[in-house]
Amino acid sequence: MGNAKRFVPLILFLLLVASVAGNAMLYKKLRVLKQNPQMLAQEENKALVAKVGQLIVLPEGEEPTVATVNEPEKLKDQPFFANAKQGDKVLIYTKAKKAILYRTAENKIVEVAPVNIGEQPAVSAPEAPKE
């Protein structure tokens, strides 16, 4: 029993050091996030692309635009979103013209479809009146 009492202050000291070190790391991360708030979203997107990349071959040389399905009932009339659920992610590769619907909760590809992003025709200046 006497030996156990000697270790209590040491254990408390080690817990204090670990707590201070953990708080210092969190403070540093918070400071970095305040300087660049989009960094967290970028890191989350990289992790998402890595997960999806384990399930399907992704287009190379392009970062996708990532969106979250928030109201799947409003999208049901579109075939791509027919099986979409709240929280699903959509990865849109504009150069490769590919969209991927991914269910994070199940780690599943729900749908893959070609994307036809129509290019807007160039608007020409009106002709000058002829004299």
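Points worth noting:
Listed here are the residues, each with its yes/no results for (1) exposed (fewer than 10 other Cβ atoms within 10 Å of the Cβ); (2) at pLDDT 90 or above.
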| position | (1), (2) |
| --- | --- |
| LYS5 | yes, no |
| ALA50 | no, yes |
| GLY53 | no, yes |
| PRO59 | no, yes |
| ASP77 | yes, yes |
| ALA84 | no, yes |
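- Any hit, region 69-92, residues being in a strand (DSSP E or B), in contact with a Pro (Cβ under 8 Å, 6 or more places away or on another chain), under 19 Å from VAL112 (Cα atoms) and not basic (Lys, Arg): yes
- Taking each residue of region 30-49 that is assigned to a helix (DSSP H, G or I) and looking for partners that are of a type in the set (Ser, Thr, Tyr) with beta-carbon atoms closer than 8 Å, six or more apart or interchain, yields LEU48/TYR102; LEU48/THR104.
The values are calculated or read from the model by the stated rules, or taken from the named source; none is laboratory data. Owing to the predicted nature of the structure, the values given are computational and were not obtained by experimental measurement. Ideal geometry is used to build each Cβ from the backbone, glycine not excepted, and the neighbour counts take in all protein chains shown.
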